[in-house]
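Enquirer: Attaching a single structure in structure tokens format; questions to follow.
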Amino acid sequence: MQKKIYSLIDKAIFDFDMLKKGSRILVGASGGKDSTLLIEYLSNRLKSKRPYDDFSFEAVYIKTEFAKEFDPELMELMESWGTKVKTIEVNTLGRIKEGHKMNCWWCSTQRRKELIDYALKNGFDTLALGHHLDDILETFLMNMLEKSELDTMTPLFQYEKYPLRIIRPLAYAGVDMIKEHANESGWQQVTCTCDYQENSGRKEARKRLDALTDGDIVKKTHILKALMPTWER
């Protein structure tokens, strides 16, 4: 499975020209399977010393009130890959305006803000996130059905305000494939997700996506390809 999923990541990186010469990449490490795969891939890619690769990367974990401590066993595993994860604590509840309620979107926005701030202050030109194929398509369904917008996360996004790009190298990788790879690699049991998880909209979108595609990654990929002409490259 590693060879198959790595080839999909290679293809996404090539198709969207994600790795620039001399890039300094900041990886958002969530402690989950998706960002763990991304860190594993980038670590292995640097070790393979491809003649055309010229980049470096570091990883940061944004810890909120709803997230567990970064798993020590997972931290040790990443250090064995040559990657040390820095932890930054953020008080997301303290940022909520009066009359508003905590939700996954707000927490995600605050964690993204911290990653962007850290990247800009420390000279990174690229922020790599672990969103995969299913994440992108679920977001598309949510925006279409709830906001009347044909919009979603893109594999490559360049900020206009900042000298920073966002890349999503797992854009072609399906969630089931990532789970299978994590199990085969032996690190699925040490990854985790947020304890809060109040995101009924995304859960509903996941059900709709499965109903639409029967869980078939080929059909999911067809939807992704249909969206590509709408993206600014």
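The values are calculated or read from the model by the stated rules, or taken from the named source; none is laboratory data. Bear in mind that the values here come from a model prediction, so they are computed numbers and not experimental data. With ideal geometry, Cβ positions are generated from the backbone for all residues, glycine too; neighbour counts draw on all protein chains shown. Protein only, heavy atoms only, side chains kept; ligands, DNA and RNA dropped before computing areas. Shrake-Rupley method; radii C 1.70, N 1.55, O 1.52, S 1.80 Å.
Enquirer: Could you calculate the FRET efficiency of W105 with H222 from 1/(1 + (r/R0)^6), where r is the beta carbon distance between them and R0 is 22 Å, rounded to 0.05?
Expert: Working: r = 28 Å, r/R0 = 1.26.
It comes out at approximately 0.20.
Enquirer: If you average the sequence gap of Cα pairs under 8 Å that are 6 or more apart and divide by the length of the chain, what percent do you get for the contact order? Numbers along the way, then the final one.
Expert: Working: 327 pairs, mean separation 62.3, N = 233.
Relative contact order, the chain: 27 percent.
Enquirer: Modelled label-to-label distance, E146 and D210, 7 Å Cα→beta-carbon offset: nm?
Expert: Inter-label distance under the simple model: 1.9 nm.
Enquirer: Still on this structure, please answer the following. If you take the alpha carbon radius of gyration of segment 1-84 and divide it by 2.2 N^0.38 Å, what ratio comes out, to two decimals?
Expert: My calculation over the Cα atoms of segment 1-84 gives 1.14.
Enquirer: Rounded if a/c is under 1.5, else prolate if a/b beats b/c, else oblate: with a ≥ b ≥ c from the C-alpha gyration tensor eigenvalues square-rooted, which is segment 42-162?
Expert: Values: a/c = 1.86, a/b = 1.32, b/c = 1.41.
Verdict is oblate for segment 42-162.
Enquirer: If I stretch the segment between K20 and R95 completely, what's the gain in nm (0.36 nm per residue apart, minus their alpha carbon distance), one decimal?
Expert: Working: separation 75, 0.36 × 75 = 27.00 nm, distance 3.51 nm.
Between K20 and R95, full extension yields an extra 23.5 nm.
Enquirer: Taking the DSSP beta bridges in the chain as the whole, what percent of them are antiparallel, to the nearest 5?
Expert: 15
Enquirer: May I pose another question? Could you please state how large a percent of the accessible area of the chain is carbon and sulfur, counting protein chains only and using a 1.4 Å probe?
Expert: Summing carbon and sulfur atoms, their accessible area is 51 percent of the total for the chain.
Enquirer: With the Cα gyration tensor of segment 117-233 giving a ≥ b ≥ c as the square roots of its eigenvalues, does the rule (a/c under 1.5 for rounded; else a/b larger than b/c for prolate; else oblate) give rounded, prolate or oblate?
Expert: oblate
Enquirer: Taking only Cα atoms of the chain, what ratio of Rg to Rh do you get with Rh as the Kirkwood inverse-distance radius? Don't skip to the answer; put the middle values down first.
Expert: On the way: Rg = 17.3 Å, Rh = 18.5 Å.
We get a ratio of 0.94 for the chain.
Enquirer: Using 0.36 nm per residue, how much length does the chain from N122 to S56 gain when fully extended, once their Cα-Cα distance is taken away? Let's see the in-between values first.
Expert: Details: separation 66, 0.36 × 66 = 23.76 nm, distance 1.31 nm.
Extra length from N122 to S56 when fully extended: 22.5 nm.
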